[in-house]
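Let me begin by presenting the structure, written as structure tokens, before commenting on it.
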Amino acid sequence: MNDPAVQATRTLLIDALGSAPDANTSSPDLRTMFTPSSHRLALDPDVTVVRGARGTGKTYWAKALTDPELRRVAAESYMMPRLQRTDVITAFGREGGDEPVFPGKRAIAALVEAGVKPLDLWSTVILIALRHPEVQALETWSERIEWTQRNGEKYEATLRRADREAREQGRSLVLLFDDLDHLHNDRRQLDRLLGGLFEAALELRLTTGTLRAKIFVRPDMYKSAPRDFADASKLGANATDLGWSRENLYGLLFHQLGNHPSEQAQAFREATGVWRQEGEGRFIAPVDLLADQKRQEEVFITLAGPFMGTDRRKGHTYTWVPNHLQDGLGRVSPRTWLRTLLRSTQLTSERWVTHTLPLHYDAIRDSLSASATDRVDELKDDIGWAAKAVELLGGSQVPMERSVVWFAWDSNKLRSEISKLLKDGEHGTGPRNLDDHDEIIRELLDLGVMTERTNRSIDLPDIYRLAFDIGRRGGVARKPVA
């Protein structure tokens, strides 16, 4: 028999997680904005580099920071009053308003081909962000960059003037740089461009008191970009990572459930402690629900039960779900986390509708393959060569010796396949050295796509393995993706 209370909770899970924020398709809003403790530094105006893998919140925060109301809420949540005295401009990103204020991918490719220095390019982007009238009046990026090259003194004067104006108003000005993954198809050129951006950002920091750059970038891109300019070590001292601990992931889940505008959300809040109302439909969960693993597990058990089967031998739900969603570096994308639980609820409603809890453990297990497919699709978008390299191992079983990996790549013409993939320019950049299999494995390890066992054999985390035809004895079985 279908329990109405269980069905109501399933409805809440589907509605709340189905409308959870996705920075790629929607803008952050006050009600669903979650402020995990680990992201405080990322919003600090003085932190220049924010490293984050795909789906960890780079674009989300880049968008949220440009909204004065969300910035105010974040400042209060993180007890960071300076953030309320900060103005934020998108200097480079996904959206440029009605009139793009930064060069697009084709323009950058042409500028690189013409021999433009990355530092000159980014200095010009900064001038446009500061609305320098002479540079704005020029029609093409070639003309604007040429102006910057000829007018170094005026560039510095512009920075000093903007710095003075901000200081007189008691404010800081942050220039945001996001969506840098597709700057250029050639990895070496992309690295050079990023190196120039880092140099321009550090110059802002060292020569002004109130102007700051904030660069959202993937960790592997930060690592490989050259930093061969003066005082480059200071950049690393002002960098942070967008991490999601297990407590953060469960805190995000409960925040979404408690902030949905429905009666079921109110029932969830009443059942889980004393939530603080902040107005306009925004509620903050009690501290133990956000940070205490024992309390979080108690609540999650009311949704999914204690075990991934009929007893403890199949694992505990609270740890099993995030453990099987993490990549080789132990990272879980919050987007993947919420989508997996959404899909698990939908599957439970379809196949185990009379189950006594909102989530059935087999529905969670069966949702993993679809989540892995989503994750690999994202990998194809960002780092297509990495997905192709793993795809060429299809039909094998992990863990596998390195020699087996090399043989599979040679047999399946890895070099030719990746070269073909990169020709269309739609699948990101290539590896640093396509002719060195060991170097490619190192890059895949750095990306978290592969893991290495103590005997140096190669393994794959389930979140990637399940999307390909790669087996593991005793591991989660691949399921057809609906």
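If you go through the range 184-195 and pick out every residue that is within 21 Å of the chain's Cα centre (by Cα) and either part of a helix (DSSP H, G or I) or under 12 Å from residue 122 (Cα atoms) (or both), you end up with 6. Being surrounded by 20 or more Cβ atoms within 10 Å (Cβ to Cβ) and not hydroxyl-bearing (Ser, Thr, Tyr) is the filter here, so list the residues in the range 131-165 that pass it. Once the filter is applied, which keeps residues that are surrounded by 20 or more Cβ atoms within 10 Å (Cβ to Cβ) and not hydroxyl-bearing (Ser, Thr, Tyr), the range 131-165 yields 132, 135, 141, 144, 145, 162.
Considering each of 444, 421 in turn, give the residue that is within 26 Å of residue 472 (Cα to Cα) and crowded, with 17+ Cβ neighbours inside 10 Å. Exactly one of 444, 421 is within 26 Å of residue 472 (Cα to Cα) and crowded, with 17+ Cβ neighbours inside 10 Å, namely 444. Residue-level analysis places residue 176 among those that are under 31 Å from the mean Cα position of the chain (by Cα) and under 19 Å from residue 94 (Cα atoms). Of all the residues in the range 85-105, those that are outside any strand (DSSP E or B) and modelled with pLDDT of 95 or more number 1. Got at least one residue in the range 48-58 being closer than 29 Å to residue 203 by Cβ and surrounded by fewer than 17 Cβ atoms within 10 Å (Cβ to Cβ)? No, that holds for no residue. Could you please find all residues in the range 186-204 being open to solvent by 10 Å² or more (accessible area, probe 1.4 Å) and either at pLDDT 95 or above or out of contact with any Ser or Thr (no Cβ under 6 Å at 6 or more places or on another chain) (or both)? Within the range 186-204, 186, 188, 189, 192, 199, 203 meet the criteria. Specify the residue that is farthest from residue 273 (Cα to Cα); the eligible residues are those in the range 289-316 that are acidic (Asp, Glu) and without any contact (Cβ under 8 Å) to a residue 40 or more places away in the chain. Checking each candidate, the answer is 311. Residues considered: 247, 270. Of these, the only one that is among the charged types (D, E, K, R), more than 18 Å from residue 318 (Cβ to Cβ), free of Cβ contacts under 8 Å to residues at least 60 places away in the same chain and open to solvent by 30 Å² or more (accessible area, probe 1.4 Å) is 270.
If you go through the range 273-288 and keep only what is open to solvent by 60 Å² or more (accessible area, probe 1.4 Å) and touching a residue at least 12 places away in the same chain (Cβ under 8 Å), you end up with 274, 278, 280, 288. For the range 371-399, a residue qualifies if it is farther than 21 Å from residue 220 by Cα, open to solvent by 10 Å² or more (accessible area, probe 1.4 Å) and not in a loop (DSSP other than H, G, I, E, B), and the qualifying residues are 373, 397. Only one of (1) at pLDDT 95 or above; (2) closer than 30 Å to residue 269 by Cα; (3) under 15 Å from the mean Cα position of the chain (by Cα) fails for residue 247. Which number is that? Answer for residue 247: the failing condition is (3).
Considered as a group, the residues in the range 328-362 that are among the small types (Gly, Ala, Ser) and surrounded by fewer than 23 Cβ atoms within 10 Å (Cβ to Cβ) include one that is nearest to residue 452 (Cα to Cα), and that residue is 328.
The values are calculated or read from the model by the stated rules, or taken from the named source; none is laboratory data. Worth saying up front: this structure is predicted, and the values here are computed from it rather than measured. Positions of Cβ are generated from backbone atoms using ideal geometry, with glycine treated the same way; all protein chains shown enter the neighbour counts. Heads up: the accessible areas ignore ligands, DNA and RNA and are worked out on the full protein's heavy atoms, side chains in. Shrake-Rupley method; radii C 1.70, N 1.55, O 1.52, S 1.80 Å.
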